[in-house]
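Heads up: the structure comes next, in structure tokens.
The values are calculated or read from the model by the stated rules, or taken from the named source; none is laboratory data. Remember, it's a predicted structure, so these values are computed and weren't measured experimentally. Glycine gets a Cβ as well: all are built from the backbone with ideal geometry, and neighbour counts include every protein chain shown. For accessibility, only protein heavy atoms count, side chains too; no ligands or nucleic acids. Shrake-Rupley method; radii C 1.70, N 1.55, O 1.52, S 1.80 Å.
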Amino acid sequence: AAKAAGKRCVRSSGEAIDAAIGRRTRLARDLPTALEQGQLRVLYQPVVGVHDRRVLGLEALVRWEHPLLGTVSPDEFIHLAEEDGLIVPLQRWVLEVATRQAAVLMADGWDVQMGVNVSVRHLQAGCLAPDVAAALAAAHLPPGKLMLELTESVLLDAEGGLVSDLETLRGMGVVLSLDDFGRGWSSLAYLARLPVQVLKMDREFVAGIETGPRGRALVASVVELGRTLGMDVVAEGVETEEQVAELRAMDCRYLQGYLFGRPMPFADLRALLDTFDPTVLDGGAADLDSG
Ligand code: C2E
Ligand code: MG
Ligand code: MG
Ligand code: MG
């Protein structure tokens, strides 16, 4: 019986691999038409202040509603888009949608900053800065209301020229952040070279808070590092009240995670914002941009 079960395991893992290859092939084949067929959509996840939990920022997170496969996560299709150059029109579209929605919120009196994830390919293609400028202009959004989120992969590939493009964006007044900070081995070295004002601490650190004193000490030192460098720190992946209590004690001022809201459609986000009193925000809203 054990042998039969073993055989079954081998066969089903082979089938799983076939299925995975089939899925990947299918996604790669269908992606080129996904944008024009309106299958992509942007969800928004709130970033809140640690003290009053008001929404101070948002992150735009793209999804693909595949007609047969259902919702496909960006972790599955962004790299496919990067392989064949579709990433530039895709990113351009995300930028357009996210800046437009941010402008709608601003017009309603909400002072929130919109975070958009950036692909290194877009930067390498040399059109990130002009595409950002075009999106801001079309949406009539002040540049300081847009935050671009860069990951270490942006920087691993970065030659000097890419850093100067980032400086161009910074010069336009766009806020730059280093996403997933601490996930890779070299983020620390990049901090010295990059014109970023916000650190998004990877959720692995946050998950480590409850593992013991070392985990907490690491998080505290990342928060302190941000303070020393004059950068705001956003803790990613906050899921529990215990984590909030620790982060608050460390004076980490911005939090993002399922505890405060999952990525959600724009309509749901507006409903969430409506649970706050917009008049309270007037004059009191701290920008993520302190630089
Ligand atoms: P990211 O930029 O680090 O985004 C945060 C990811 O963590 C999101 O996954 C979000 O749903 C998830 N998350 C947020 N709070 C929690 C939590 O409390 N617990 C856990 N376990 N996860 C949480 P998502 O939406 O699947 O996006 C994955 C990655 O895909 C993003 O990581 C980002 O790197 C990339 N991505 C998303 N949208 C875009 C885009 O428009 N362009 C590019 N280039 N990349 C994108
Ligand atoms: Mg991000
Ligand atoms: Mg992140
Ligand atoms: Mg990520």
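A few comments on the model shown:
- Taking each DSSP H run with n ≥ 4 as -39500 (n - 2.57) and averaging over every residue of the chain yields -15500 deg cm²/dmol at 222 nm.
- Derived scalar couplings between HN and Hα for the stretch 234-248 equal 10, 8, 8, x, 6, 10, 10, 5, 4, 5, 4, 4, 5, 5, 5 Hz in order, rounded to whole Hz, by the Karplus curve 6.51 cos²θ - 1.76 cosθ + 1.60 (θ = phi - 60°), x for Gly and Pro.
- Computed over the stretch 65-142: relative contact order in percent, which uses C-alpha pairs under 8 Å that are six or more apart: 34
- Taken over the alpha carbons of the stretch 30-176 as equal point scatterers, the Debye sum produces base-10 log I(q)/I(0) values at 0.08, 0.18, 0.21 Å⁻¹ of -0.22, -1.10, -1.38.
- Spin-label model distance (nm) - ARG193 vs THR33, 7 Å beyond Cα toward Cβ: 4.3
- The antiparallel fraction among DSSP beta bridges confined to the chain stands at about 45%.
- With contacts taken as Cα pairs under 8 Å and at least 6 residues apart, the chain reaches a relative contact order of 19 percent.
- Ordering of 22-28, 48-54, 175-181 by packing is 175-181, 48-54, 22-28, highest average first (other Cβ atoms within 10 Å, averaged per residue).
- Computed with a 1.4 Å probe on the full set of protein chains, the accessible area for ASP75 sits at about 140 Å².
- Each residue, LEU229 and ARG262, gets one label point 7 Å from its Cα in the Cβ direction; the gap between the two is 3.2 nm.
- For the chain, the alpha-carbon coordinates run over 67, 48, 44 Å along the three principal axes, in decreasing order.
- The tail of the calculated P(r) for the stretch 17-110, taken as Cα-Cα distances beyond 21 Å, holds 41 percent of the pairs.
- Measuring only protein heavy atoms, the 1.4 Å probe finds GLU152 accessible over about 30 Å².
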